[in-house]
Structure formats: structure tokens, C-alpha cells
1. With a 10 Å Cβ neighbour count serving as the proxy for reagent exposure, in which order, fewest first, do VAL104, VAL112 appear?
2. Would you kindly state how much longer the chain becomes between ASN109 and GLU34 on full extension, computed as 0.36 nm times their sequence separation minus their alpha carbon distance, in nm to one decimal?
3. Note the full-extension length gain between THR49 and ARG73 as 0.36 nm times their separation in residues minus their Cα-Cα distance, in nm to one decimal.
4. Return the long-range amide H neighbours of ALA14 (sequence gap of 5 or more, or a different chain), with a cut-off of under 5 Å between placed amide H atoms.
5. Can you check what the net charge comes to around ALA84, using other residues whose Cβ is under 12 Å from the Cβ of ALA84 (Lys, Arg +1; Asp, Glu -1)?
6. What list of ³J(HN,Hα) values in whole Hz, one per residue of the stretch 90-96 in order, does the Karplus curve 6.51 cos²θ - 1.76 cosθ + 1.60 (θ = phi - 60°) give from phi, with Gly and Pro shown as x?
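Nothing in this text is a laboratory measurement; each read-out follows from the coordinates by a stated rule. Nothing here was measured: the structure is a model prediction, and the numbers come from that model. Cβ sites come from the backbone with ideal geometry, for glycine too, and all protein chains shown count toward neighbours.
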Amino acid sequence: MANPSDLLESSEAAVAPVIVQEILQGAASQENLERLREHFLSLPMLIPTDPAGTYAAAGVLYARCRWQGITPRSPHDCLIAQVAVEHGVTLLHDDRDFEQIARVEPALNSVVADLVCCDHPLLAIAHVHIFRQRLGNRPTLNPGDLG
């Protein structure tokens, strides 16, 4: 598995719209929010293939987790997992909920990555999808952009 910093620097990472929402919610200021928005909206987006079906499948996944005694802390995690499954991508994360979701949904390719130790400001986020696509220049971010 490649270093998460290398994936972001080489533009081989993608996000789902719900992840952009989570990131923007954590902005430290209006200025930082604008920088985060510009940066993350320039990444490849993993859009649900059938939005209504994807959300329904995420709800079913959440219920399946509860039936097995697992309650994810955020329903967004089931949506992120479902989008990753639909697109057949690996989910890099540092969130224990995804390991539990993967026990319920074996199609989820989930990899724990030590995102905190990497020297990259974007890796303060919890969820990064690997998506092999080269991109052009993106705005740079500073470590203080995330609150």
C-alpha cells in the first residue's frame, strides 16, 4: 500500500461528496473553509452510481451492522462505505467504525492507515478513498486549515 501522503500528492486519491461535507464542517475559519472547499472540490469525486439506491443500501448496511451488535457512530460512515463498495475502491481510514462495517460487509476493502503520523495537512481527515487518476495542480493547504 502506498503512503497516504504520496497518494494525495500524486492525485491518486478521491473523495465522496459526503466526505467534503465532513471536511468543511471542521474548517477552522471562513478563510480556511474557502481553501478547503477549493482544494477538495478539485479532487476526483466518487459520486453514488444511483443516489436513491446508494442511500437506501447505506441504510440497509447500517441496519445490518446494528443487527450484529455494531452501531457505527455516524450514518455517514455507512454511506462512505457503500460508495467505496459501488466504485470498487479501497477505503483508507483511521476510524475504527470502518473495520467493524467491513466485518458486516465483506465487499468493503478497508485499510487502516496511520493518517495522523503522515506529514501532510490533508491527512488530518479520517476518510480518503484511493482512486487512480492523475490531476493537474490543486491549491495548497496549510496544517491549520482544519480545526
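1. Numbers: VAL104 19, VAL112 14.
The fewest-first ordering by Cβ neighbours comes to VAL112, VAL104.
2. Values: separation 75, 0.36 × 75 = 27.00 nm, distance 3.17 nm.
Between ASN109 and GLU34, full extension yields 23.8 nm more.
3. Numbers: separation 24, 0.36 × 24 = 8.64 nm, distance 2.45 nm.
Once the chain is fully extended between THR49 and ARG73, it gains 6.2 nm.
4. Sorted by chain and number, the residues that satisfy this are HIS129, ILE130, PHE131.
5. Values: positive: none; negative: ASP77, GLU86, GLU105.
With Lys, Arg at +1 and Asp, Glu at -1, the net is -3.
6. Ordered by residue, 3J(HN,Hα) equals 7, 9, 8, 7, 10, 10, 4 Hz.
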